[in-house]
Each structure stands twice: as C-alpha cells, then as structure tokens.
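Worksheet for the structure shown next.
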Amino acid sequence: MREIRADVITEAVKRMSIEANCIISDEVMTLLKDGLAREESPLGKEILEQIIENDRLAREKNVPMCQDTGVAVVFVEIGQDVRISGGYLYDAINEGVRQGYKEGYLRKSMVADPLNRKNTGDNTPAVIQFTCCPRARAARI
C-alpha cells in the first residue's frame, strides 16, 4: 500500500492553482506562436500578440493571465491501494485551492449557493473529479 500525506497534496494543489492561472504551458505557447505566424487577419494577429505578451508579463510578475480565474477543477486519479494520511483527500484539495487563491492573489469567484450567490471568499469548494485506478500510477503532484 502506498501512502501519501494530505499536506503534500495540499501543497501541490496550492502550487498548481497559482501556476494554472499564471503560466501557459510551453506546448500551448508554441501553438499560439504557430497560429500567429499563420494568422492573416490583422485583428487576429493583434489578439494573439496580446495573449503572448500577457503570458510574458504573467510569468515575469507572477500574476494571473486574466482577472477572471474561474472555478478550480481538479482531476484526481488514485490507485485502489493508496492511502491518504494526516487528513482527508477532499479536504486537502480544497485547502490547497484556498491557500493557492489567497497566496496567488487570485480572484475568488465561487459561490456557496447558486440561488443566493453568496461568495465563499476562498474559491472553494473545488469541483473534484475522482477516478479510481486498478493500481497506483506514478504521482504527478
């Protein structure tokens, strides 16, 4: 049985919450630059140039690419023989989102109840998609 500490999960989710809002992956950036090279429309070129420039500034200043940082969606693949120690997986993930949105100065837009629209103030709860795998895979935390 493999054991993963809840605080390790919290730290990873915190880091990923900030990075997901502040850094476009190299793969996506390559595609944007390729698109810019092929784009014919002056307006299209300008928009792609602005996205590329926003990425540069976000990386340099460690700020979000966009003011609307959205809802945190976390995809979890976990092996049947994995045990979370020191806390609950659900709580560890939401604590990571809470810390990431606070420390990354990200806009908190999650509401507790869709009818009364009261903001939770910390962007939790995250939307969490769990998939149980037959055996543990290499961790990507």
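Considering only the stretch 63-106, state which residues are basic (K, R) and either surrounded by 14 or more Cβ atoms within 10 Å (Cβ to Cβ) or closer than 21 Å to N21 by Cα (or both). If you could, list the steps in order and put the result at the bottom.
Applying the first criterion (basic (K, R)) to the stretch 63-106 yields 83, 98, 102.
Hits for the stretch 63-106 are R98, K102.
Being on the phi > 0 side of the Ramachandran plot, surrounded by 14 or more Cβ atoms within 10 Å (Cβ to Cβ) and at pLDDT below 95 narrows it down to one of N123, N54, so name that one.
Values: N54 fails: on the phi > 0 side of the Ramachandran plot.
Among N123, N54, only N123 is on the phi > 0 side of the Ramachandran plot, surrounded by 14 or more Cβ atoms within 10 Å (Cβ to Cβ) and at pLDDT below 95.
Against the conditions (1) touching a strand residue (DSSP E or B) at 6+ places or on another chain (Cβ under 6 Å); (2) among the β-branched types (V, I, T); (3) under 30 Å from T30 (Cα atoms), where does V82 fall short? Just the number, please.
Result: V82 passes all but (3).
Hey, G35 hits all of (1) without any contact (Cβ under 8 Å) to a residue 60 or more places away in the chain; (2) buried (at least 17 other Cβ atoms within 10 Å of the Cβ); (3) not hydroxyl-bearing (S, T, Y) but one; which does it fall short on?
For G35, the failing item is (2).
Among the residues of the stretch 22-32, which ones are without any contact (Cβ under 8 Å) to a residue 24 or more places away in the chain, in contact with a helix residue (DSSP H, G or I) (Cβ under 8 Å, 6 or more places away or on another chain) and part of a loop (DSSP other than H, G, I, E, B)?
Start the filter on the stretch 22-32 by keeping residues that are without any contact (Cβ under 8 Å) to a residue 24 or more places away in the chain, which leaves 25-28, 30-32.
Right, trim to in contact with a helix residue (DSSP H, G or I) (Cβ under 8 Å, 6 or more places away or on another chain) and you get 32.
Answer for the stretch 22-32, where residues must be without any contact (Cβ under 8 Å) to a residue 24 or more places away in the chain, in contact with a helix residue (DSSP H, G or I) (Cβ under 8 Å, 6 or more places away or on another chain) and part of a loop (DSSP other than H, G, I, E, B): there is none.
Among the candidates V63, V74, V28, single out the residue that is within 18 Å of K102 (Cβ to Cβ), modelled with pLDDT of 90 or more and within 16 Å of the chain's Cα centre (by Cα).
Working: V63 fails: modelled with pLDDT of 90 or more; V28 fails: within 18 Å of K102 (Cβ to Cβ).
Going through V63, V74, V28 in turn, just one is within 18 Å of K102 (Cβ to Cβ), modelled with pLDDT of 90 or more and within 16 Å of the chain's Cα centre (by Cα): V74.
In this structure, is A92 among the aliphatic types (A, V, I, L, M) and at pLDDT 95 or above? Walk me through how you get there before you give the answer.
On the way: among the aliphatic types (A, V, I, L, M): yes; at pLDDT 95 or above: yes.
When the stated conditions are applied, A92 passes them.
In the stretch 47-81, what residues are touching a residue at least 24 places away in the same chain (Cβ under 8 Å) and either touching a Gly at 6+ places or on another chain (Cβ under 7 Å) or in a strand (DSSP E or B) (or both)?
Hits for the stretch 47-81 are V73, V74, F75, V76, E77, I78, G79.
Report the residue count in the stretch 82-129 for those that are hydroxyl-bearing (S, T, Y), more than 20 Å from V63 (Cα to Cα) and not in a loop (DSSP other than H, G, I, E, B).
Residues that pass the stated criteria total 2.
The values are calculated or read from the model by the stated rules, or taken from the named source; none is laboratory data. Predicted, not measured: the structure shown is a model, and the values here were computed from it. No Cβ is skipped: glycine too gets one built from the backbone with ideal geometry, and neighbour counts run over all protein chains shown.
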